[in-house]
Amino acid sequence: MRKSLVAGNWKMNGSNGTVDQLASGIVKNQADMTCDVVLCPVFVHLDRVSGIIDGSSVELGAQNCSDKTSGAFTGEVSVEMLKESGCKYVILGHSERRTLFSEQDSDVRNKLSLALESGLMPILCVGETLEERELGNAEEVVQRQLLAALSDLDLSLESVIVAYEPVWAIGTGLTATPEQAQAIHSFIRSVLGELSEELAQKVRILYGGSVKPGNAQEIFGQPDIDGGLIGGAALNVDDFIAICQAAG
Ligand code: PGA
């Protein structure tokens, strides 16, 4: 039985004040949420969010990490630094990183491997663009991204979380139908199954892309969908809590 997980990807949003309000509002309602809950603020807000969630069941994640361990890499943040700031999770390969910051499959793999070695749990994002879907290439793209990140890694897949995020559904208000999402989630599980059938059954696969309180229950009701990676709706306490409740 896989425990549902909902992660809020706050992206580059918020100020000290709004982040404090958001994190404390979520902690106040933690008793109503039975799924695992992860908050992913920007790097400079990690410490303050870590302080606010301390002692609660809410956990901390980063939105990215460096593919280097330390040294002269101006502006980068290493996995060890994230761990020291209280992170348990790190989002990797988000489509905004892939498209806006030219992250390649090989970069994602290097980061993922460092995250696993350090004990951080990667949330590996995969997903096709609208053009790729219309050309009938959604599965091929997702499989390439998965295998590039995961094949031949000498580490337990149990410590990886996958997020399927169709690029055309992120921040657009368009959502994959529950059936479209389930089809790709089940495909992802079959690709993971080629690496290890036992572990494929244990890996949590999240859906991301315009999840809202109004569509969360139907999406999370699909057999291979184990929770969500939430962008816009994670910036509103009531919406985020409603989504967490739908996952519970
Ligand atoms: P969205 O973003 O919920 O605003 O579509 C999801 C994400 O980018 O992880």
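Since every read-out is calculated from the coordinates, none of them should be taken as a lab result. Note that the coordinates shown come from a computational prediction; the quantities given were computed from them, not determined experimentally. Using ideal geometry, Cβ is built from the backbone for each residue, glycine included, and neighbour counts are taken over all protein chains shown.
Among rounded, prolate and oblate, which fits segment 1-74 when a ≥ b ≥ c are the square roots of the eigenvalues of its C-alpha gyration tensor, a/c under 1.5 means rounded, and a/b larger than b/c means prolate? Note, shape of segment 1-74 comes out oblate. Are there any helices in the chain, counted as whole DSSP H runs, that stretch 24 Å or more along their axis by Cα and score at least 0.0 on average by Kyte-Doolittle, and if so which? Answer set is 178-195. The tail of the calculated P(r) for segment 62-133 beyond 13 Å holds 63 percent of all Cα-Cα pairs. Between Asn236 and Thr34, the contour length at 0.36 nm per residue exceeds the Cα-Cα span by 70.8 nm. Output the Kirkwood hydrodynamic radius of the chain, Cα pairs only, in Å rounded to one decimal. Here the Kirkwood hydrodynamic radius works out to 17.9 Å. Per residue, the average separation of C-alpha pairs within less than 8 Å and at least 6 apart gives segment 55-142 a relative contact order of 28 percent.
I want the local charge near Lys28. Using Cβ-Cβ distances under 13 Å, sum +1 for each Lys or Arg and -1 for each Asp or Glu among the other residues. Combined, the nearby Lys, Arg, Asp and Glu give -3.
Each other residue within a Cβ distance under 11 Å of Arg109 adds +1 if Lys or Arg and -1 if Asp or Glu, for a net charge of -4. Placing one identical point scatterer on every Cα of segment 40-95 and ignoring solvent, what is log10 I(q)/I(0) from the Debye formula at q = 0.23, 0.26 Å⁻¹? The computed values of log10 I(q)/I(0) come out as -0.88, -1.05. 3J(HN,Hα) along segment 163-168, derived from phi through the Karplus expression 6.51 cos²θ - 1.76 cosθ + 1.60 where θ = phi - 60°, amounts to 10, 8, 10, x, 4, 5 Hz, with x in place of Gly and Pro.
Here's the picture: charge each Lys and Arg Cβ at +1 and each Asp and Glu Cβ at -1 in the chain, and of Gln30, Val167, Ala234 the one pushed furthest to the positive end of that dipole is Gln30. For Arg2 and Ala72, a Förster radius of 30 Å and the Cβ-Cβ distance give a FRET efficiency of 0.15, rounded to the nearest 0.05.
Cα centroids of segment 95-110 and segment 172-233: 21 Å apart. Rounded to the nearest 20 debye, the dipole size of the chain about its Cα centre is 500 debye, using +1 on the Cβ of Lys and Arg and -1 on the Cβ of Asp and Glu. Modelled label positions at Glu197 and Asp47, each set 7 Å beyond Cα in the direction of Cβ, lie 5.0 nm from each other.
Amide H contacts of Gly8: Val38, Leu39, Cys40, Ile230, each under 5 Å away and 5 or more positions distant or on a separate chain (H built 1.01 Å from N in the peptide plane; Pro and chain starts excluded). Secondary-structure-derived ellipticity at 222 nm for the chain, considering helices only, amounts to -12500 deg cm²/dmol, per-run term -39500 (n - 2.57) for DSSP H runs with n ≥ 4. Applying 0.36 nm per residue to the separation of Ser159 and Ser57 and subtracting their alpha-carbon distance, the gain on full extension is 34.9 nm. What the Kirkwood sum gives for segment 184-248 is a hydrodynamic radius of 12.4 Å, with every pair of different alpha carbons counted.
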